[in-house]
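Everything below concerns the one structure shown next.
The values are calculated or read from the model by the stated rules, or taken from the named source; none is laboratory data. Predicted model only: the values in this text are computed from it and were never measured. Every residue, glycine as well, gets a Cβ built from its backbone with ideal geometry; the counts of neighbours run over all protein chains shown. Just so you know, the surface numbers come from the protein's heavy atoms only, side chains and all, with ligands and any DNA or RNA stripped out. Shrake-Rupley method; radii C 1.70, N 1.55, O 1.52, S 1.80 Å.
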Amino acid sequence: GAGVSQSPSNKVTEKGKDVELRCDPISGHTALYWYRQSLGQGLEFLIYFQGNSAPDKSGLPSDRFSAERTGGSVSTLTIQRTQQEDSAVYLCASSFLSRSSDTQYFGPGTRLTVL
Amino acid sequence: AQSVTQLDSQVPVFEEAPVELRCNYSSSVSVYLFWYVQYPNQGLQLLLKYLSGSTLVKGINGFEAEFNKSQTSFHLRKPSVHISDTAEYFCAVVGGGSYIPTFGRGTSLIVHP
């Protein structure tokens, strides 16, 4: 079956511009996560959605970052007024439920470069 | 709070040699432990996970890991590596009712012919 997909795969933007990154989770998965992966830094949690509950935004690094999940499926991560330090790979993951023991299924990521 | 330390940022090894990738965690509560692998230009995929029961966990591609509660470790091992095992390996911990895993910084396994 189809896995988690993300678009675009690569995004180059100029400092100060806004960007939108898209994630399509596996059909039927109720939990969705966004992470940021910087070189040598591992995965940094950004935001978590579970069903119709309010998202856990505790990992968002600043108010320039926001995310939505429409209809319990597709999610969009928006970064406003991008800065060079926002350059990273943004990974999306989904899981069937939101139990601690659940496996997360990751998309291939969007590589964001801010010039 | 929970944290994960992957002690080696890079592990070079020759093909067919054994390998161990180290992972230590800290948590004040019971945890679930995971190893994920990331091949170049791909997302992460699960290698194996420890939930409960036997402390020796077997995963895909011939990898296994042993949960050691007293040493708070979850080291990943493979008795004989292949060139195709060259990838980034991440250890992760979830515990204390949280749904959000904490990932280590990753270990780059480089297998030489």
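Please verify whether residue B:57 is under 15 Å from the mean Cα position of the chain (by Cα) and of a type outside the set (Ser, Thr, Tyr), treating the condition exactly as stated. Yes, satisfied. Listed by position, the strands (runs of 3 or more DSSP E) contained in segment B:6-54 that have at least 3 residues being open to solvent by less than 60 Å² (accessible area, probe 1.4 Å) and among the aromatic types (Phe, Trp, Tyr) are B:31-38.
Output the residues belonging to segment A:32-85 that are of a type in the set (S, T, N, Q) and within 14 Å of chain B (Cβ to nearest Cβ). Correct list: A:37, A:38, A:41, A:50, A:53, A:58. Filtered by the rule that a residue be in a loop (DSSP other than H, G, I, E, B) and either open to solvent by less than 40 Å² (accessible area, probe 1.4 Å) or not aliphatic (A, V, I, L, M) (or both), segment A:40-61 gives A:40, A:41, A:42, A:51, A:52, A:53, A:55, A:57, A:58, A:59, A:60, A:61.
So that you can scan it fast, the table gives a plain yes or no per residue for (1) open to solvent by less than 30 Å² (accessible area, probe 1.4 Å); (2) at pLDDT below 95; (3) more than 18 Å from residue A:42 (Cα to Cα):
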residue	(1), (2), (3)
A:77	yes, no, yes
A:82	yes, no, yes
A:91	yes, no, no
A:104	yes, yes, no
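Selection over segment B:84-113 of residues that are assigned to a strand (DSSP E or B) and acidic (Asp, Glu) gives a count of 1. Once segment B:57-96 is narrowed to residues that are in contact (Cβ under 8 Å) with a residue 60 or more places away in the chain and within 14 Å of another protein chain (Cβ to nearest Cβ), the residue that is nearest to residue B:14 (Cα to Cα) is B:89.
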